[in-house]
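To keep things clear, I will list the structure first and then write my remarks on it.
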Amino acid sequence: MLNVALPKGRLGDKVYRLFKAAGYDCAAMEQDDRRLVLTDEKGEMSYLLVKPSDVAIYVEHGAADVGVVGKDVLLEGGSDVYELLDLGFGKCRMAEAAPVGFREDRQRPLRVATKYPAIARRFYAAQSREIEIIKLNGSIELAPLLGLSDVIVDIVETGTTLRQNNLEVTREILPVSARFIANKAAMKFKEPAISGLLSSIQAQLNQKEERP
Amino acid sequence: MSVPDVLGPQERLVLSLRGLYESYGYTRFPMRRFEEYALYLENKSFLTSESVLSFTNASGQLMALKPDVTLSIVKRARPERGQVEKLYYHESVYRLSATDHEFTEIGQLGVELLGDVDLYGACEVLRLAIESLRLTGADFVLDVSHMGFAGGLLADAGLDGAQREQASRLIRQKNAHELARMLSQWQVPPFYAGRISQLPTLCGDFTQTLRRAADIAVGTDMKQAVGELSSLYAALDALGLCGHVRLDFSILNDLDYYNGLVFQGYVEGAPRVALSGGRYDKLMRKFGKAGDGLGFAVYLDQLQRVLARPAGDDVDVLVLYGAQDEAPGIFRALEELRAQGLRVLAAGTPPPGLRAGRTLRCRNGELEEVSGAC
């Protein structure tokens, strides 16, 4: 049996629909069920619904064999897992944003508010820019408005929240989308099951692409 | 209680592994817990993590608790050409834990073969790796690769140092989609890009995968790697050792230190690599040593979950004595039970949380059963 960690919420629902279309359905997932571990009738798949930021942790520690997680979470956690497929949805980008008309003072460290300190640190280190990280857990856009930080590093989907708060993207950091990951040891001992799942999903994704 | 009964599963495994290595003539390499910090600073990329636990010694020199054993062995080894030195170690290393990002002490056992590493030597080390994994008692897989294959391909494709490092990281993650994106961004000629992008999935059954590898091999390094792997496989197969051996070209150690055979062992029930090794002639050259080097380490911390002992009683018998009992009388009462090889705990009151097989009360040197034992 394969243990699959899915992020609770919108992304998880979308991933489940893809798995279902690929032939890995699970009736319990479609009921309004409060259980966190759901197994299909055939006993082939066991779905675990976990917090999006915990998916990679479950997979790295072998509590789940495979999982689906956003590239942002994967990079931030630095998990040691195989990244087998880009599912191509849940698309957004990681970017630096600042108040419209912001001019950077290169004489002092840049104050960066973010939920993603590891990604931000790596990005600015690669540019040899000294920074001061302010780790926040939500409403990142507020930080530059109140003078808490100079800029923010966050994921940007449509840019509406930024515009409404008079912020604009100043630098692109990386594109983000949902990734299919696998535990390294599971890949050795459950390889046929994982490869089977992977190729069915790949076939589904290709079909969708062909459809206009 | 006899000595073997006292040993936990991990201690048993350690002793069996040491017995295995000694039976092939490997001798234990004694060493200190610490080294000069500079050793690790100069060889940062050889280490799995850059964090080293450091301290200052009495003369003000910066020292470090060993995060790695191979560097210490290579530094002290003196094998000349035409000689071999077969060593093993059982040491603690101090590394950042992957889970809580704090320093932890990790038990590590390993084997190093230094000097002239020929085909027999390579087979011997691989055999020891296979037998080491077998001793855990769980199902296992040994994935084998050769650094010359991917290394030669990346060099021939004209990638610079930083690009090679990034490509290696993506290959290790089996991240074919991003690798393809980067190759086109770097404008790698399709002849090479097509071959590089196969590396993440070039794995599986040894003979089949080797055939696929031979089909895409270009340049001397790649062809030599295929040749070496093929003769190794033939030797191991003749010994009937190939049942658990597979080929996986996504295994890539640091290109600056490793050059030939590399391998990783997985044990069912342990989520991470449990054994890792390879050929490190380049590391030997960095230390000015003439000989070659091949070795592996067994990560005992990763095997803890596999070796876990089923939860049983803490002691076989709990003997409760009262204030009126004299010490010699209590001892006499225990003696009989201990002579039967039982674990006996004597106490005035039952220790909280203790699980005992049965509970006896000592009264005037006589033992009687207590009903409703804890």
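The values are calculated or read from the model by the stated rules, or taken from the named source; none is laboratory data. These numbers were taken from a predicted model, which means no experiment stands behind them. So basically every Cβ, Gly included, is an ideal-geometry build from the backbone, and we count neighbours across all protein chains shown. Accessible surface is based on the protein model in full, side chains and every heavy atom, while ligands, DNA and RNA are left aside. Shrake-Rupley method; radii C 1.70, N 1.55, O 1.52, S 1.80 Å.
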### Message
Could you tell me the center-to-center distance, by alpha carbons, between the stretch B:112-158 and the stretch B:187-208 in angstrom?
### Response
20
#### Entry: Of all DSSP beta bridges in chain B, antiparallel share, percent nearest 5
75
## Note on the structure
Once accessible area is computed for A alone, B alone and the pair with a 1.4 Å probe, the total buried surface, to the nearest 100 Å², works out to 1600
### Task
Roll a 1.4 angstrom probe over the protein heavy atoms and tell me the percent of accessible area of chain B that is carbon or sulfur.
50
## Note on the structure
Of all DSSP beta bridges with both partners in chain A, the antiparallel percent, nearest 5, is 60
### Query
So which residues of the stretch B:242-290 lose at least 20 Å² of accessible area, probe 1.4 Å, when you go from the chain by itself to every protein chain present?
B:Arg246, B:Tyr266, B:Glu268, B:Pro271, B:Arg272
### Query
Label points 7 Å out from Cα along the Cβ direction at B:Thr27 and A:Arg171: separation in nm?
5.7
### Query
Which entries of A:Lys20/A:Lys188; B:Lys86/B:Lys289; A:Lys188/B:Lys174 show an alpha-carbon separation above 20 angstrom in the structure shown?
A:Lys20/A:Lys188
### Task
With a ≥ b ≥ c taken as the square roots of the eigenvalues of the C-alpha gyration tensor of the stretch B:180-304, please select rounded if a/c is under 1.5 and otherwise prolate if a/b is larger than b/c or oblate if it is not?
rounded
### Query
What residues does the stretch A:64-92 have that are buried by at least 50 Å² of accessible area in the full protein assembly compared to the chain on its own, 1.4 angstrom probe?
A:Tyr82, A:Glu83
### Query
Quick one: helix B:219-238 against the long Cα principal axis of chain B, what's the angle to the nearest 10°, folded into 0 to 90?
40
### Query
Within a Cβ distance under 12 Å of B:Arg343, other residues only, what is the Lys/Arg minus Asp/Glu net charge?
-1
### Task
Taking the convex hull of the Cα atoms, report for the protein assembly as shown its projected area averaged over all directions, in nm².
37.9
### Query
Excluding ligands, DNA and RNA, what is the solvent-accessible area per residue of the stretch A:47-161 at a probe of 1.4 Å, expressed in Å²?
45
## Note on the structure
Per its Cα gyration tensor (rounded if a/c is under 1.5, else prolate when a/b beats b/c, else oblate), the stretch A:94-151 is best filed as oblate
### Query
Tell me, what does the Kirkwood hydrodynamic radius of chain B come to in angstroms if you use every pair of distinct C-alpha atoms?
23.9
### Query
Which FRET efficiency value, to the nearest 0.05, do you get for B:Ala98 and B:Asn364 by plugging their Cβ-Cβ distance into 1/(1 + (r/R0)^6) with R0 = 41 Å?
0.10
### Query
Considering only protein heavy atoms, what per residue accessible area in square angstrom results for the stretch B:96-213 with a 1.4 angstrom probe?
40
### Task
Choose one answer from A:Ile181, A:Ile201, A:Ile131: the residue with the largest mean-square fluctuation in a GNM of chain A with alpha-carbon springs under 10 Å.
A:Ile131
## Note on the structure
Within 10 Å of the Cβ of an average residue in A:182-190, the count of other chain Cβ atoms is 6
### Task
Calculate how many DSSP beta bridges within the protein assembly as shown are antiparallel, expressed in % of all such bridges and rounded to the nearest 5.
70
### Task
Considering the convex hull of the alpha carbon atoms of the stretch A:88-212, report its projected area averaged over all viewing directions, in nm², one decimal.
10.7
### Query
What residues of the stretch B:160-188 lose no less than 10 Å² of accessible area with every protein chain in place versus their chain by itself (probe 1.4 Å, heavy atoms only)?
B:Arg172, B:Gln173, B:Lys174, B:Asn175, B:His177, B:Glu178, B:Arg181
#### Entry: Residue with peak Gaussian network fluctuation, chain B [Cα springs, cutoff 10 Å], from B:Ala290, B:Ala167, B:Ala327
B:Ala327
### chain B: most fluctuating residue of B:Leu65, B:Leu15, B:Leu239 per GNM, C-alpha cutoff 10 Å
B:Leu239
### Message
Given the options A:Phe180, A:Gly23, A:Ser199, identify the residue whose Cα lies farthest towards the positive end of the charge dipole of chain A (+1 on Cβ of Lys, Arg; -1 on Cβ of Asp, Glu).
### Response
A:Phe180
### Query
In chain B, with Lys and Arg counted as +1 and Asp and Glu as -1 at Cβ, which of these residues, B:Leu342, B:Val226, B:Cys242, has the Cα nearest the positive end of the dipole, that is, farthest along it?
B:Val226
### Task
Send over the per residue convex hull volume for chain A, Cα only, as a whole number of Å³.
143
### Task
Rounded to the nearest 500, what is the 222 nm mean residue ellipticity of the protein assembly as shown from helices alone, with -39500 (n - 2.57) per DSSP H run of 4+ residues and division by all residues?
-11000 deg cm²/dmol
#### Entry: Efficiency of FRET between B:Lys75 and A:Gln107 - r from beta-carbon atoms, R0 35 angstrom, step 0.05
0.20
